[in-house]
Each structure stands twice: as C-alpha cells, then as structure tokens.
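As structure tokens, the structure follows; a few thoughts come after it.
The values are calculated or read from the model by the stated rules, or taken from the named source; none is laboratory data. Because the structure is a prediction, the values reported are computed rather than measured. Glycine gets a Cβ as well: all are built from the backbone with ideal geometry, and neighbour counts include every protein chain shown.
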Amino acid sequence: MATCESPAASGHSSSQASLLHAYWPDTAKYLVLTGYFLVLSAAYFLVGSRGLFNLQMYAFQFDVERCILAVAFLYLVAFALPSRTNKVSDYFLWLHAAVPIVPTLVFFAFSGGSIPFLALAIGAFIGIRLLTLPGAILAIPGVSTSSPERAVWIGIFILYVLIIAGGDYSSIDFSPENIYLNRAQIAESQSSYFEYLHTNLAKALLPFLLVFYYARSRWFPFLATLICSLGVFLVSQHRAALFFPLLALLCFAATRRSKRAGGGNLVAMLTVVLTIGMIFTLSDMTLLLGDIIIRRTFIVPGALNFEYFSFFNNNPFTLFSDSKLSFGLLPRVYQEQIPYLIGYQIGLPGAHANSSYLGSGYQQAGVVGVLLYVLVISATLHVLDGIGNRMSNHCFVFAVCSPSLFWLIDSSDLPSVYLTHGLILATAILWYWAGYLRLYFAGLDSTSDTPKTRPINPPAAR
C-alpha cells in the first residue's frame, strides 16, 4: 500500500536533520573526549598497579570525588576545543588536549596531582585557545617555486656525514637490548652538536619528505625515506628517529580527508595507539613495549609536570639561568641540571626527568613563565596558520610540525623544541617552499624541479 508523507511531517524531519547536522560537531567533541578518557583510564589501570616509575606513590587508586572533579574539568576542556578544525592551531589544540591535558586528568583521578596544578595546565590550554581564536590569518608568502626535494636530500646527506664522521661506532653492539648502553657510548664519542644534528634530521627533514611523498603516493622515494629513518635510529640509538616520522605520517593520514573533523580523528588515532599498548601489556612477550607506549607517552609527562610544579612551588625558580636563552650569562640557581634534580626528588637518582612547556615554564618563573610560553606558542601557531593558508593545506603543515609540537607538549622545554627538536627548521622549509607546495597539493606541479604553471587539463577551446 502506498503511503504519503504530509509536507508538514517532511518539513519537521528535515528540520530535525538540520538541527542534528548543526549541533553534531559540538556534541561529538564531548563524546570523543569522554571515550578517550575512559580508554586512557583502562590503559592506566593495566600499567598503574605498581605505580609510575615503578614507584608505589603513584599506584592506581580509585577515588570517586577525584573522578567527578576530573570529569568536570574534562568537559571544560571539551567546551574550549574548536568544534571544527580549519587551521593548524585547531589541530594543535586537539593534540594538546589528548597529550597531556586528558592524561593529566586521568593521573589526577586515579593517582596524584592537585587542583592548583590542574588549573595551571587547563588555564594554559585555554589561553592558547583564546589567543588563536578565528580572525585574520597572517599573509605569509613563500619564496621558491622550485621543488624542495633536492635541497632536503642534500641536507639529509650532510647531516648523515657529520653524524657518522663525528662518532666512534667501531665498538657498538647494535643489538636491541643494549640500546641505552649504545646511546651513552655514541653520545660520549660525538661532538657537542650531535643532539642538534640527529634530532633535526628525525623531527624535521625526514617527516617532511615522508609526508611529502605519501601525499602523492610516490612509493619508491617514500620507502627510501623510511630506510633513512631507520638509519638515523642506528647511528643515534634514539627511538625518536623511528617514532616521529611515523607520527607525522599518521597525523597527516588522520586529518587529510576528514575536512573539519580532523581533531576527533587525531584523538581516535591516539585511542588506537592506546589499544595497541594495552594488547602489548596483556602479552607477556611485549610487556615492556606496552608499558612504554602507555606510561612513557601518555601518563608520565603529566606526572612529571606535576612534580615540577610541586618542587618549584616550594623552591626558587630558575629565572632562565639554565636556559639556552640566557647564553650562560646568568648565574645558575641550582648547580645540578633540573631534570636530574627532579629525578632525584621522585626517588630515581640518575634519571633525566624531562618536562613539557608546562613544567619547564613553571620552573623558569612560575605562572608568569607559563604565560610567557603560552604567548610564544600562540605566536608560532599564528605563523603556521599563515603558512597553511598560503599553501591551502593546513593538514600538511600540522603533520610536518607534529613531531616538534608533540615534543613541546610531552617532554621538552620551549627553547629546546625550536632549536634542538626541529621546529625552526620545519617552519623554515614550509615557509620557503610554500609557493611550490601549494601547486604540489593542487596537482599543478610536475615531479621535476620546475612546477607547472597551468592546469593539467586545460578547458577545451570553444
């Protein structure tokens, strides 16, 4: 029997669909963060039975009141997140929420932390959000219209030569179980510039090429870039050489086809990583790997931020005396390096306990130091937004810079991220070749050094 739908009913249905479409992005961010919080809590339960750093002081403990407070702060973070991702700063805010803000809330709910520390962390996050609100995007022109491939490969070759020539690898046993011993031996034999060389290689040059080739399915040079990443791991014995180029690739894959839902896709990607970590943890043969994925990547940074906050809340700030910004001109407040000092405070003498911009900013000048770092980060994001706008591809800019940005919010001081961990180099490459990259992603280039300046399929003559 045929049925007829009245115009009124049809209009009502279409209005409901329109409302759902209009409000779904705002609703989705609450659902995504809630799911992520639950998965991360389960992951922490698996690895937290003996506490962080193998210390019982941070063992997993269920506390209803702290859980309620953590969820309330979680929804405040969700409220501050951009519902739609339109630029580099939007993607960064979603990544920042996933690491370390939500892990810090999990740490607070089930282990430690304090409300003043949560207020500092979430306040910094909201500060970056407010300073990067929609507005006029900087007009940042590119310089070169030729392909960056040759220049970047030359740079990779030069850095490889400097790394290999500067160290003694004759007595190195490259077996996986000796990775930390190998790293120490290589560092002792290398020049003082070694840290700058291999980190800029692994977190700027190689991520750029990896995403550059993946975006256009150029698989042979893509494979060559992966092999180079493995080579950097062998000559440095730092796992970052393997992890961060792949992070850039995953960030691009998660955001390139998502239009305005890229932030949620980033969190979904990290949820998959957590799930893999839990599988590894439940397997006796891969317990260590799962422990590293969950604890070291997600939970430990939040705990270390809190340790920095606790220590410098009761002791003098360093006032940039141990920072690269002082050029050694200021007298040091503490004779020992701060990461080793914090390692000693938590009961791990000899541990190099790094902190993100939150902990290190508080170390420098308290709340003022964190505010200063927030201003610098926001200014940097405005520059990256301008480059992404010039290139008409914010996803690519974010993906290339994601290794450095991840290090910033995970376990490094702000000046080190710019100088040592590749953010300045990655930004410079993107800016200099923004004009060519705009053509590259529009499909108007050739794979040679000279881009095409006309469409591939010109319109037929009338």
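Note on the stretch 78-89: residues that are surrounded by 24 or more Cβ atoms within 10 Å (Cβ to Cβ) and part of a helix (DSSP H, G or I) total 2. If you go through the stretch 314-340 and keep only what is in contact (Cβ under 8 Å) with a residue 24 or more places away in the chain, surrounded by 15 or more Cβ atoms within 10 Å (Cβ to Cβ) and assigned to a helix (DSSP H, G or I), you end up with just I338. Scanning the stretch 388-402 for residues that are over 25 Å from Y196 (Cβ atoms), in a helix (DSSP H, G or I) and among the polar types (S, T, N, Q) yields one hit, N389.
Any residue at all in the stretch 314-331 that is closer than 30 Å to S283 by Cβ, outside the structural domain of S111 (by TED's automatic domain parsing), out of contact with any strand residue (DSSP E or B) (no Cβ under 7 Å at 6 or more places or on another chain) and not hydroxyl-bearing (S, T, Y)?
Checked against the condition, which is being closer than 30 Å to S283 by Cβ, outside the structural domain of S111 (by TED's automatic domain parsing), out of contact with any strand residue (DSSP E or B) (no Cβ under 7 Å at 6 or more places or on another chain) and not hydroxyl-bearing (S, T, Y), the stretch 314-331 yields no hits at all.
When the stretch 127-164 is filtered for residues that are free of Cβ contacts under 8 Å to residues at least 60 places away in the same chain and not in a helix (DSSP H, G or I), the ones remaining, listed by number, are L133, P134, G135, A136.
Do we find that A72 is among the small types (G, A, S), modelled with pLDDT under 90 and not in a loop (DSSP other than H, G, I, E, B) in this structure? Judged against the criteria, A72 is not a match.
In this structure, G11 does not qualify as modelled with pLDDT under 85, surrounded by 18 or more Cβ atoms within 10 Å (Cβ to Cβ) and not hydrophobic (A, V, I, L, M, F, W, C). Taking the conditions (1) in contact (Cβ under 8 Å) with a residue 24 or more places away in the chain; (2) over 13 Å from the mean Cα position of the chain (by Cα) in turn, L372 satisfies each one other than (1).
If you go through the stretch 240-268 and keep only what is assigned to a loop (DSSP other than H, G, I, E, B) and in contact (Cβ under 8 Å) with a residue 60 or more places away in the chain, you end up with R256, S258, R260, A261. Out of the stretch 132-156, which residues are at pLDDT 95 or above and either of a type in the set (F, W, Y) or over 30 Å from S229 (Cα atoms) (or both)? Passing the criteria: only W153. With respect to G359, is the statement that it is touching a Gly at 6+ places or on another chain (Cβ under 7 Å) and of a type outside the set (S, T, N, Q) true? Judged against the criteria, G359 is not a match.
Determine, yes or no, whether I126 is within 25 Å of the chain's Cα centre (by Cα), aliphatic (A, V, I, L, M) and modelled with pLDDT of 95 or more. So I126 passes the test.
For S446, the requirement of being at pLDDT below 95, among the polar types (S, T, N, Q) and on the phi < 0 side of the Ramachandran plot is met.
Confirm whether T281 is crowded, with 20+ Cβ neighbours inside 10 Å and modelled with pLDDT of 90 or more. No, not satisfied. Quick check, is G231 modelled with pLDDT under 90 and surrounded by 20 or more Cβ atoms within 10 Å (Cβ to Cβ)? Considered against the rule, which asks whether it is modelled with pLDDT under 90 and surrounded by 20 or more Cβ atoms within 10 Å (Cβ to Cβ), G231 comes out as no. The condition (being part of a helix (DSSP H, G or I), modelled with pLDDT of 95 or more and surrounded by fewer than 19 Cβ atoms within 10 Å (Cβ to Cβ)) is satisfied by just one residue among L371, L425, L439, L405: L371.
Tell me which residues, restricted to the stretch 231-271, are out of contact with any helix residue (DSSP H, G or I) (no Cβ under 6 Å at 6 or more places or on another chain) and within 17 Å of A399 (Cβ to Cβ). The answer is F243, L246, A253, R257, K259, R260, A261, A268.
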